[in-house]
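Peer 1: Okay, handing you the structure first.
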Amino acid sequence: MTEEALLKEIAAGNEEAFRQFYLCTVRPVHSYILSLTRNSHEAEDVLQETYLKIWTDATEYRPQGKPLAWVFTIARNLCYMRFREQRRWAEFGLSELEDCEEGKNCEQIDQAADRQVLLRALDELKEQDRQIVLLYAAAGMKHREVAKALGLPLATELSRYSRSMKRLQQLLTVRRTGG
């Protein structure tokens, strides 16, 4: 059964279809979430939330593209919600930065700044291009796996990845030089 057909069955409450959908999609979805969170415990939490949302919102799926792209969008949105929530908590408790001595280079601040710059640059890419970069570069999937997951021909995926990486490099260079 195709992923699209499975989603229709899930919308009808078919638990076996949900199990099959989970088994055929969990690897790329987990890799994608892990690439965003960079924390295995958080990735597991978001993965669980993602599949719960798939179960409850399957009736909302509209076959406009590949079902996995819809799932990635759900996962990304849940990750971003979690990031916003964590940012709010971080504003109240900056205890991890207390060890930084005044006037000295602080690794936590440098890493946070670098990550913010990268996230802003990634946000400037088109949605599917960002997914390609994250699945390949951050999640460690092979180009063939990324192409299959997103329903693209391999040549298209490769050219989009190359173009996206060049664009990211330009954006990061401009941000580093301040111009």
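Peer 1: Please compute, over every Cα-Cα pair in region 1-91, the percentage with a separation greater than 19 angstrom.
Peer 2: Of the Cα pairs, 38 percent sit more than 19 Å apart.
Peer 1: Another one. Starting from the Cα-Cα distance between L154 and T59, subtract it from 0.36 nm times their residue separation and give me the gain in nm to one decimal.
Peer 2: Contour length minus the Cα-Cα distance gives 31.1 nm.
Peer 1: Say each of A11 and A137 gets a label point 7 Å from the Cα, pointing the same way as Cα to Cβ; how far apart are those two points in nm?
Peer 2: Roughly 3.6 nm, to one decimal.
Bear in mind that the values in this text are calculations on the coordinates, not laboratory data. Everything quoted here is computed from the prediction, not taken from an experiment. Every residue, glycine among them, receives a Cβ derived from its backbone with ideal geometry; neighbour counts consider all protein chains shown.
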